[in-house]
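The values are calculated or read from the model by the stated rules, or taken from the named source; none is laboratory data. Quick caveat: nothing in here was measured; it's all calculated off a predicted structure. So basically every Cβ, Gly included, is an ideal-geometry build from the backbone, and we count neighbours across all protein chains shown. With ligands, DNA and RNA removed, areas are computed over all heavy atoms of the protein, side chains included. Shrake-Rupley method; radii C 1.70, N 1.55, O 1.52, S 1.80 Å.
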Amino acid sequence: MPISLHTNKIKIEKDCFIEELYKIILNKDELIDGTLDGKATQLHKFYLAIYIMNHYNKKQQNSQYFDYLITSIIESESLFVIGFTNAGMMALRSALECSLKFLYYEYHPIELQLNEIGEFDIRGIEYRNFMYSIPNFKKLNFIMKDDIERVWNELCKYSHYDISVIKEISVISDIKPIFNDGESFNNIKKVIKDVFRIIIIIMFTVNPAWLEDVEKSYFDYVFEVLFKAEEIINMKISLKII
């Protein structure tokens with residue numbers, strides 16, 4: 001017969017795990033007005049661009065994949081702040097994948113209906129290849145297929161547990177908030193920015209009038225936080241953004 005642990009022993013082990021978990025969670029005051037306020041703001045400034053797009057969507061794009069995209073975005077920021085870097089990267093990959101599916105099915109309503117009943121699905125590369133085939137996307141001179149494939153492959157390393165990027169975690173105390181490691185923090189910011197650039201392009205490819213009549217400060221912010229001046233011009237012309 002298997003050896004059973006007493007219920008009190010299980011509770012004690014659970015309590016120890018919870019205690020260790022909460023030790024690694026940063027103090028809220030440090031992130032709002034303390035020493036980590038600046039770094040937390042640096043991270044959030046990229047996320048804010050997506051949150052603005054979500055806020056002003058107004059359900060014009062009523063898609064399950066858009067909903068999944070936003071959920072994955074929120075989860076990734078939450079995970080990064082707590083210290084779960086690997087899981088945060090996986091959530092970013094999920095967000096990018098959902099954005100590509102969002103784009104594909106907005107152009108393929110019949111396939112979407114089939115997908116919703118489990119009768120249609122294609123490989124990830126086919127979702128990406130559809131994006132590369134869109135004429136307006138081809139007009140963008142600052143982001144190419146190779147750029148997107150590089151970002152995608154980087155994110156896949158975390159999902160596939162590539163030892164070159166996954167940090168070994170043996171006990172919960174090994175988990176460290178991203179703000180404690182300057183090099184890791186800068187790398188995460190770069191990945192987030194690269195992913196969000198692609199997602200914003202996808203959103204405007206779906207609907208060039210996404211931010212039509214939105215207050216100018218919010219409209220400008222979405223572009224300026226993620227793109228260079230010459231990229232913004234090319235993007236607005238190529239995607240016919242209003």
If Lys and Arg each add +1 and Asp and Glu each add -1, what is the summed charge of the other residues whose beta carbon sits under 13 Å from the beta carbon of Gly38?
0
Surpassing 31 Å at the alpha-carbon level, of the pairs Lys45/Lys101; Lys9/Lys189; Lys28/Lys228; Lys138/Lys216; Lys39/Lys138, are Lys9/Lys189; Lys28/Lys228; Lys39/Lys138
Burial ranking of peptide ranges 67-73, 96-102 (average Cβ count within 10 Å, highest at the top)
96-102, 67-73
Taking amide H positions as placed 1.01 Å from N in the peptide plane, with prolines and chain starts having none, which residues 5 or more places from Gly83, or on another chain, fall under 5 Å of its amide H?
Ile178
Taking every pair of alpha-carbon atoms in the chain, what share in percent sits in each 5 Å bin, from 0 to the bin with the longest distance?
1, 5, 12, 16, 17, 15, 11, 9, 6, 4, 2, 1, 1, 0, 0
At most 16 other Cβ atoms within 10 Å and a DSSP loop assignment: could you name the trypsin sites (Lys or Arg not before Pro) in the stretch 208-242 that fit?
Lys228, Lys240
Dimensions of the stretch 6-115 along principal axes (Cα, Å, largest first)?
54, 43, 22
Provide the per-residue ³J(HN,Hα) series for the stretch 88-101, in order, calculated from phi with Karplus coefficients 6.51, -1.76, 1.60 and θ = phi - 60°, each as a whole number of Hz, with x at glycine and proline positions.
x, 5, 5, 5, 5, 4, 4, 5, 5, 4, 5, 5, 5, 6
Which ³J(HN,Hα) values in Hz, rounded to whole numbers, follow from the phi angles of the stretch 203-208 under the Karplus curve 6.51 cos²θ - 1.76 cosθ + 1.60, where θ = phi - 60° and Gly and Pro get x?
4, 6, 5, 5, 8, x
Short version: ³J(HN,Hα) in whole Hz for each residue of the stretch 226-242, in order, from phi by Karplus 6.51 cos²θ - 1.76 cosθ + 1.60 (θ = phi - 60°), x for Gly and Pro, what are they?
10, 10, 7, 4, 5, 5, 4, 4, 4, 5, 5, 6, 5, 8, 6, 6, 8
Over the stretch 57-129, with the other protein chains present, what is the accessible area per residue in square angstrom, probe 1.4 angstrom?
47 Å²
The chain: relative contact order as a whole-number percent, Cα under 8 Å and 6+ apart
27 percent
So what does Met235 come to for accessible area, using a 1.4 Å probe and Å² rounded to 10?
0 Å²
Output the peptides 8-14, 190-196, 126-132 sorted from most to least packed, where packing is the average of other Cβ atoms within 10 Å over each peptide's residues.
190-196, 126-132, 8-14
If you average the alpha carbon positions of the stretch 172-220 and of the stretch 2-57, how far apart do those two centres end up, in angstrom?
20 Å
